[in-house]
Structure formats: structure tokens, C-alpha cells
Amino acid sequence: MRTYALLLAPAALALSSCASTSDAPALPASQEAFWDALSSHCGNAYAGELTSSDERDADWQGKIMIAHWTECSDTRIAIAFHVEDDTYPGGWNRSRTWLVTRTEDGLRLKHDHRHEDGSEDVLTQYGGDTLSTGTARVQDFPVDAYSIALFEREGLTASLTNVWRMEVDDVDAPGARFTYQLTRRNDPTRLFRVEFDASDPIEPPPPAWGW
């Protein structure tokens, strides 16, 4: 991971407690441990970069990326995903926020996409639910029916078998990492993977658009 001197700053204080309570849906032990690890980063921001080499993501190569835990509750964690991009004011694309939610059936990942004015993009709230209990560190989110219908409507047939993955270490783990990944069941060559150095908090960025 590269060092970004301009971004380095003392760790941000957690915005709120993310510990689950009796009011939150119960989870299998592995998902509860994953939730606790994800929650341990509340309020923090980390620098990252694209670590996969798929030619379809050439425009993402070499850009600074930031994951910022912006909102935490007993049932939802919001992680803003900022991407360095000179085509936007201020040099950053702040359109994306990942939403991880506890449900009666496990964990859910959704993608909140916004325009600079805060309005929703036509492609928003897509994602999936866990179909297995996963592990304390890794959870997979296969595309759900809502997202399939959305992708079909918008002509994004390549995305109909998306599987998103999150990998996370507890904030106190040595060399802690956080990873977001996309693969496709019908395309073994597809890999989009961004890794963040979750052992070295940076100064939080401005809010994502619409937040």
C-alpha cells in the first residue's frame, strides 16, 4: 500500500457505538463476529487502492481511494467510498456509499449511488443478501432479485450474476485490512478488488453526496 502523506492524520473518533443489542436481528456466530469486526472501525477512514488487474478497470488504476465509516447503528453500517477523480469538483468522486444491514436472514449489502446534488442515480440500492454464514472475516453477497430486475431494465446483462464480497479485520488486529471485491459467477475472469490499510486511519473526507 502506498503512503499518502497529505491524507495522514490521527485516527478519527468513532461517530457512534455499533455494538449489536437485543433489538437487532440475531445472526449466526460467524456473521456476528464479522459484524463486530466491521463495527470496530466506526468513524474511521482509510486509504486504499485497486489491487486487481482486470483491463476493464483501467480507469481505476493508480487512483487514491478512501473508505469512511460514516454512520453506525445497531442494524446498519454505512461506508462511504471516495475515488480520486479530476473530472469532478474538488478532484473526488463521492457518489458511492456501501450499506451493510442486519436482517432476519443474515447480512445485506446495498450500494447507494448519488449525484453531486444528492439525488439518486438511476443505478442505486442494488446488492445482495448472504446465502451462507460465511466466516468471521469474509462475507459474500450474491446479487438479489431486485438488482437483477434493475440490471435487466438498464441493459446491464453482464451484472446479472454479480457476487460482492467484503473482508475485514478487527481494528486492533495487527496489519488490519478491509477489502471490497466484485466477481461474477458466469465470468471467471472478472475481478474488481480494492484493498484498504485499516491499520492506519486518515483524516475523514467530506461527506459522500447526499449524506
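Any read-out appearing in this document is the output of simple, stated calculations on the displayed coordinates, not a laboratory observation. What you are looking at is a predicted structure, and each value in this text was computed from that prediction instead of being measured. No Cβ is skipped: glycine too gets one built from the backbone with ideal geometry, and neighbour counts run over all protein chains shown.
Overview of values
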{"quantity": "Distance (nanometres) between label positions extended 7 Å along Cα→Cβ at Glu84 and Gln125", "calculated": "3.5"}
{"quantity": "Per-residue [θ]222 nm for the chain (sum of -39500 (n - 2.57) over DSSP H runs n ≥ 4, rounded to 500)", "calculated": "-3000 deg cm²/dmol"}
{"quantity": "Cβ-placed point charges (K, R +1; D, E -1), dipole of the stretch 71-163 about Cα centre in debye, nearest 20", "calculated": "260"}
{"quantity": "Most mobile of Arg102, Arg137, Arg185 in a GNM of the chain (Cα contacts under 10 Å)", "calculated": "Arg185"}
{"quantity": "Selected from Pro174, Pro25, Pro201 as most flexible by GNM, with the chain as the system and alpha-carbon contacts under 10 Å", "calculated": "Pro174"}
{"quantity": "Distance-filtered residues of the stretch 82-113 - backbone nitrogen under 18 Å, label point 7 angstrom along Glu32 Cα→Cβ", "calculated": "101-108"}
{"quantity": "Sparse-neighbourhood loop sites, GluC sites (Glu not before Pro) in the stretch 110-211 - DSSP loop, at most 13 other Cβ within 10 angstrom", "calculated": "Glu116, Glu154"}
{"quantity": "Leading residue at positive end of dipole, the stretch 128-211 (Cβ point charges), from Pro206, Ala176, Thr133", "calculated": "Thr133"}
{"quantity": "GNM result for the chain, Cα springs below 10 Å: residue of Asp74, Asp112, Asp172 fluctuating most strongly", "calculated": "Asp172"}
{"quantity": "Sites matching chymotrypsin sites (Phe, Trp or Tyr not before Pro) across the stretch 99-189 that sit in DSSP coil, with at most 15 neighbouring C-beta atoms within 10 Å", "calculated": "none"}
{"quantity": "Shape category assigned to the stretch 61-136 from the gyration tensor of Cα positions, a/c cut at 1.5", "calculated": "prolate"}
{"quantity": "Sorted by Cβ neighbour density within 10 Å, fewest at the top, the residues Lys110, Lys63", "calculated": "Lys63, Lys110"}
{"quantity": "The chain - charge dipole about Cα centre, Lys and Arg +1 at Cβ, Asp and Glu -1, debye rounded to 20", "calculated": "260"}
